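Following: one structure in C-alpha coordinates, then a few remarks.
The values are calculated or read from the model by the stated rules, or taken from the named source; none is laboratory data. All figures in this text were calculated on a predicted structure; none of them were measured in a lab. Ideal geometry is used to build each Cβ from the backbone, glycine not excepted, and the neighbour counts take in all protein chains shown.
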Amino acid sequence: MHDIHLFTTAEASGDLLAAIRRLLGDAYGGDFSEEDWEHTIGGWHVVVADGGATLSHAAVVPRVLEVADRPLNVGYVEGVGTAPVRQGAGLGSVAMAKISEVIRSEYEMGALSTGRHDFYERLGWERWRGPTFVRSGSQAVRTEEEDYGVMVLRFGPSKDVDLTAPLTCETRRGDDW
Ligand SMILES: CC(C)(COP(=O)(O)OP(=O)(O)OC[C@H]1O[C@@H](n2cnc3c(N)ncnc32)[C@H](O)[C@@H]1OP(=O)(O)O)[C@@H](O)C(=O)NCCC(=O)NCCS
(Lines give C-alpha, C1' and ligand atoms only; values in the text may rest on other atoms or scores of the structure.)
Protein backbone atom coordinates (compact mmCIF):
# COMPACT_ATOMS: atom_id res chain seq x y z
CA MET A 1 0.00 0.00 0.00
CA HIS A 2 1.14 3.53 -0.62
CA ASP A 3 -0.16 7.09 -0.24
CA ILE A 4 0.04 9.82 -2.85
CA HIS A 5 0.70 13.37 -1.63
CA LEU A 6 0.38 16.49 -3.79
CA PHE A 7 1.66 19.82 -2.44
CA THR A 8 3.57 22.95 -3.41
CA THR A 9 7.13 23.68 -2.31
CA ALA A 10 5.78 26.50 -0.11
CA GLU A 11 3.50 24.05 1.71
CA ALA A 12 6.24 21.49 2.40
CA SER A 13 8.09 21.28 5.70
CA GLY A 14 11.88 21.51 5.79
CA ASP A 15 12.00 17.85 6.87
CA LEU A 16 9.91 16.74 3.90
CA LEU A 17 12.04 18.73 1.43
CA ALA A 18 15.17 17.21 2.99
CA ALA A 19 13.67 13.71 2.61
CA ILE A 20 12.88 14.39 -1.07
CA ARG A 21 16.38 15.67 -1.68
CA ARG A 22 17.88 12.56 -0.02
CA LEU A 23 15.64 10.34 -2.15
CA LEU A 24 16.79 12.07 -5.35
CA GLY A 25 20.44 11.80 -4.27
CA ASP A 26 19.94 8.03 -3.83
CA ALA A 27 17.93 7.60 -7.04
CA TYR A 28 20.56 9.41 -9.13
CA GLY A 29 23.43 7.60 -7.43
CA GLY A 30 24.77 10.82 -5.89
CA ASP A 31 24.64 12.66 -9.23
CA PHE A 32 21.92 15.14 -8.23
CA SER A 33 23.47 18.61 -8.04
CA GLU A 34 22.63 21.80 -6.16
CA GLU A 35 21.38 23.20 -9.49
CA ASP A 36 19.23 20.13 -10.08
CA TRP A 37 17.63 20.75 -6.69
CA GLU A 38 17.07 24.45 -7.53
CA HIS A 39 15.24 23.33 -10.67
CA THR A 40 13.07 20.93 -8.66
CA ILE A 41 11.60 23.46 -6.22
CA GLY A 42 9.16 26.33 -6.72
CA GLY A 43 6.17 24.47 -8.13
CA TRP A 44 4.23 21.31 -7.34
CA HIS A 45 5.49 18.02 -5.89
CA VAL A 46 4.06 14.52 -5.87
CA VAL A 47 5.40 12.13 -3.27
CA VAL A 48 4.51 8.45 -3.16
CA ALA A 49 5.03 7.28 0.42
CA ASP A 50 4.65 4.11 2.43
CA GLY A 51 4.03 4.92 6.07
CA GLY A 52 6.64 7.55 6.82
CA ALA A 53 8.98 6.52 3.97
CA THR A 54 9.34 8.77 0.91
CA LEU A 55 9.59 6.26 -1.98
CA SER A 56 9.06 8.17 -5.21
CA HIS A 57 8.89 11.81 -6.25
CA ALA A 58 8.19 14.01 -9.24
CA ALA A 59 7.97 17.81 -9.47
CA VAL A 60 6.66 20.30 -11.98
CA VAL A 61 7.77 23.93 -12.20
CA PRO A 62 6.54 26.79 -14.40
CA ARG A 63 8.61 27.78 -17.44
CA VAL A 64 7.85 29.65 -20.64
CA LEU A 65 8.93 27.73 -23.76
CA GLU A 66 8.58 29.06 -27.28
CA VAL A 67 7.33 26.76 -30.01
CA ALA A 68 8.54 28.57 -33.13
CA ASP A 69 7.47 32.11 -32.08
CA ARG A 70 4.57 31.06 -29.83
CA PRO A 71 5.25 31.34 -26.08
CA LEU A 72 3.55 28.64 -24.01
CA ASN A 73 3.13 28.37 -20.24
CA VAL A 74 4.72 25.01 -19.71
CA GLY A 75 4.82 22.68 -16.72
CA TYR A 76 8.43 21.49 -16.74
CA VAL A 77 9.05 18.18 -14.99
CA GLU A 78 12.06 17.85 -12.71
CA GLY A 79 13.34 15.63 -9.91
CA VAL A 80 11.75 12.35 -10.97
CA GLY A 81 13.14 9.52 -8.87
CA THR A 82 12.26 6.35 -6.99
CA ALA A 83 14.22 4.80 -4.12
CA PRO A 84 16.55 2.26 -5.77
CA VAL A 85 15.18 -0.74 -3.86
CA ARG A 86 11.60 0.11 -4.90
CA GLN A 87 12.22 0.76 -8.61
CA GLY A 88 10.30 -1.28 -11.22
CA ALA A 89 7.18 -1.64 -9.03
CA GLY A 90 5.09 1.10 -10.66
CA LEU A 91 5.68 3.90 -8.12
CA GLY A 92 7.37 6.26 -10.58
CA SER A 93 4.47 5.80 -12.98
CA VAL A 94 2.03 6.67 -10.18
CA ALA A 95 3.97 9.87 -9.38
CA MET A 96 4.18 10.87 -13.05
CA ALA A 97 0.49 10.17 -13.69
CA LYS A 98 -0.41 12.58 -10.86
CA ILE A 99 2.08 15.22 -12.07
CA SER A 100 0.59 14.93 -15.57
CA GLU A 101 -2.85 15.69 -14.07
CA VAL A 102 -1.40 18.87 -12.50
CA ILE A 103 0.16 19.85 -15.84
CA ARG A 104 -3.15 19.41 -17.65
CA SER A 105 -5.02 21.59 -15.16
CA GLU A 106 -2.40 24.33 -14.55
CA TYR A 107 -0.37 24.70 -17.76
CA GLU A 108 -0.66 24.72 -21.57
CA MET A 109 1.86 21.93 -22.27
CA GLY A 110 4.23 19.62 -20.40
CA ALA A 111 7.96 19.32 -21.12
CA LEU A 112 11.00 17.53 -19.70
CA SER A 113 14.43 16.25 -20.62
CA THR A 114 15.38 12.61 -20.10
CA GLY A 115 17.35 9.59 -21.21
CA ARG A 116 14.43 7.31 -20.18
CA HIS A 117 12.13 7.90 -23.13
CA ASP A 118 10.25 4.58 -22.80
CA PHE A 119 9.22 5.35 -19.24
CA TYR A 120 7.54 8.61 -20.27
CA GLU A 121 6.21 7.35 -23.64
CA ARG A 122 4.14 4.74 -21.81
CA LEU A 123 2.54 7.66 -19.95
CA GLY A 124 1.59 9.58 -23.10
CA TRP A 125 4.66 11.80 -23.50
CA GLU A 126 6.13 12.35 -26.98
CA ARG A 127 9.65 12.98 -28.17
CA TRP A 128 10.36 16.43 -29.58
CA ARG A 129 11.66 16.09 -33.12
CA GLY A 130 12.57 19.70 -33.97
CA PRO A 131 15.70 21.70 -33.10
CA THR A 132 16.08 23.01 -29.53
CA PHE A 133 17.53 26.36 -28.49
CA VAL A 134 18.28 28.30 -25.30
CA ARG A 135 17.61 32.02 -25.10
CA SER A 136 19.64 34.51 -23.11
CA GLY A 137 18.22 38.01 -23.61
CA SER A 138 17.56 38.45 -27.31
CA GLN A 139 19.97 35.72 -28.40
CA ALA A 140 18.88 32.15 -29.05
CA VAL A 141 21.66 29.55 -29.16
CA ARG A 142 21.19 26.09 -30.60
CA THR A 143 21.33 23.23 -28.03
CA GLU A 144 21.85 20.37 -30.47
CA GLU A 145 23.11 17.93 -27.83
CA GLU A 146 19.79 18.31 -25.96
CA ASP A 147 17.51 17.55 -28.93
CA TYR A 148 17.30 13.82 -28.27
CA GLY A 149 16.24 14.17 -24.62
CA VAL A 150 13.36 16.63 -24.84
CA MET A 151 9.82 15.30 -24.55
CA VAL A 152 6.44 17.03 -24.34
CA LEU A 153 2.92 16.29 -23.14
CA ARG A 154 0.39 17.78 -25.56
CA PHE A 155 -3.28 18.35 -24.75
CA GLY A 156 -5.99 21.04 -25.16
CA PRO A 157 -4.16 24.30 -25.95
CA SER A 158 -1.07 22.40 -27.16
CA LYS A 159 -2.71 19.44 -28.88
CA ASP A 160 -1.84 20.76 -32.35
CA VAL A 161 1.71 21.86 -31.51
CA ASP A 162 4.11 20.82 -34.30
CA LEU A 163 6.69 18.41 -32.83
CA THR A 164 9.16 19.31 -35.59
CA ALA A 165 9.13 23.09 -34.88
CA PRO A 166 12.00 24.91 -33.14
CA LEU A 167 11.64 24.79 -29.31
CA THR A 168 13.33 27.41 -27.13
CA CYS A 169 13.78 27.69 -23.35
CA GLU A 170 15.16 30.53 -21.23
CA THR A 171 18.63 30.01 -19.79
CA ARG A 172 19.02 29.14 -16.09
CA ARG A 173 21.78 28.09 -13.70
CA GLY A 174 22.87 24.49 -14.34
CA ASP A 175 21.37 22.51 -17.20
CA ASP A 176 19.15 24.66 -19.42
CA TRP A 177 16.95 21.69 -20.36
C1 LIG B 1 13.09 6.41 -13.92
C2 LIG B 1 12.52 6.08 -12.54
C3 LIG B 1 12.02 7.33 -11.88
C4 LIG B 1 11.35 5.14 -12.75
O5 LIG B 1 10.76 4.91 -11.47
P6 LIG B 1 10.09 3.52 -11.12
O7 LIG B 1 9.40 3.66 -9.82
O8 LIG B 1 11.08 2.42 -11.28
O9 LIG B 1 9.03 3.48 -12.32
P10 LIG B 1 8.00 2.31 -12.66
O11 LIG B 1 8.21 1.14 -11.76
O12 LIG B 1 6.67 2.91 -12.71
O13 LIG B 1 8.44 1.97 -14.14
C14 LIG B 1 9.76 1.48 -14.38
C15 LIG B 1 9.71 0.23 -15.23
O16 LIG B 1 9.17 -0.82 -14.48
C17 LIG B 1 8.12 -1.43 -15.19
N18 LIG B 1 7.07 -1.74 -14.23
C19 LIG B 1 6.19 -0.87 -13.70
N20 LIG B 1 5.37 -1.51 -12.85
C21 LIG B 1 5.76 -2.78 -12.84
C22 LIG B 1 5.32 -3.92 -12.15
N23 LIG B 1 4.28 -3.87 -11.31
N24 LIG B 1 5.99 -5.08 -12.35
C25 LIG B 1 7.02 -5.13 -13.21
N26 LIG B 1 7.49 -4.07 -13.90
C27 LIG B 1 6.87 -2.93 -13.72
C28 LIG B 1 7.63 -0.44 -16.18
O29 LIG B 1 7.21 -1.09 -17.36
C30 LIG B 1 8.82 0.43 -16.43
O31 LIG B 1 9.53 0.05 -17.57
P32 LIG B 1 10.04 1.20 -18.61
O33 LIG B 1 10.81 2.24 -17.82
O34 LIG B 1 10.90 0.46 -19.55
O35 LIG B 1 8.82 1.78 -19.22
C36 LIG B 1 13.56 5.34 -11.65
O37 LIG B 1 14.11 4.26 -12.38
C38 LIG B 1 14.68 6.22 -11.16
O39 LIG B 1 14.56 6.83 -10.09
N40 LIG B 1 15.80 6.28 -11.92
C41 LIG B 1 16.95 7.07 -11.55
C42 LIG B 1 16.71 8.53 -11.76
C43 LIG B 1 16.21 8.82 -13.16
O44 LIG B 1 16.75 8.35 -14.14
N45 LIG B 1 15.15 9.64 -13.22
C46 LIG B 1 14.47 9.99 -14.47
C47 LIG B 1 15.34 10.83 -15.31
S48 LIG B 1 14.42 12.03 -16.20
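Among residues of segment 115-130 being part of a loop (DSSP other than H, G, I, E, B) and among the basic types (K, R), the one that is surrounded by the fewest Cβ atoms within 10 Å (Cβ to Cβ) is R122. Evaluate the following for G156: is it farther than 18 Å from E35 by Cβ and at pLDDT below 95? No, not satisfied. Scanning segment 2-32 for residues that are closer than 16 Å to G43 by Cα and either within 11 Å of the ligand (Cβ to nearest atom) or not in a helix (DSSP H, G or I) (or both) yields a count of 6. Of E108, E78, which residue is more than 11 Å from the ligand (Cβ to nearest atom) and at pLDDT 95 or above? Just a single option satisfies the conditions, and that option is E108. Annotation: of all residues in segment 104-114 being under 13 Å from the mean Cα position of the chain (by Cα) and surrounded by fewer than 22 Cβ atoms within 10 Å (Cβ to Cβ), the one that is nearest to L153 (Cα to Cα) is S113.
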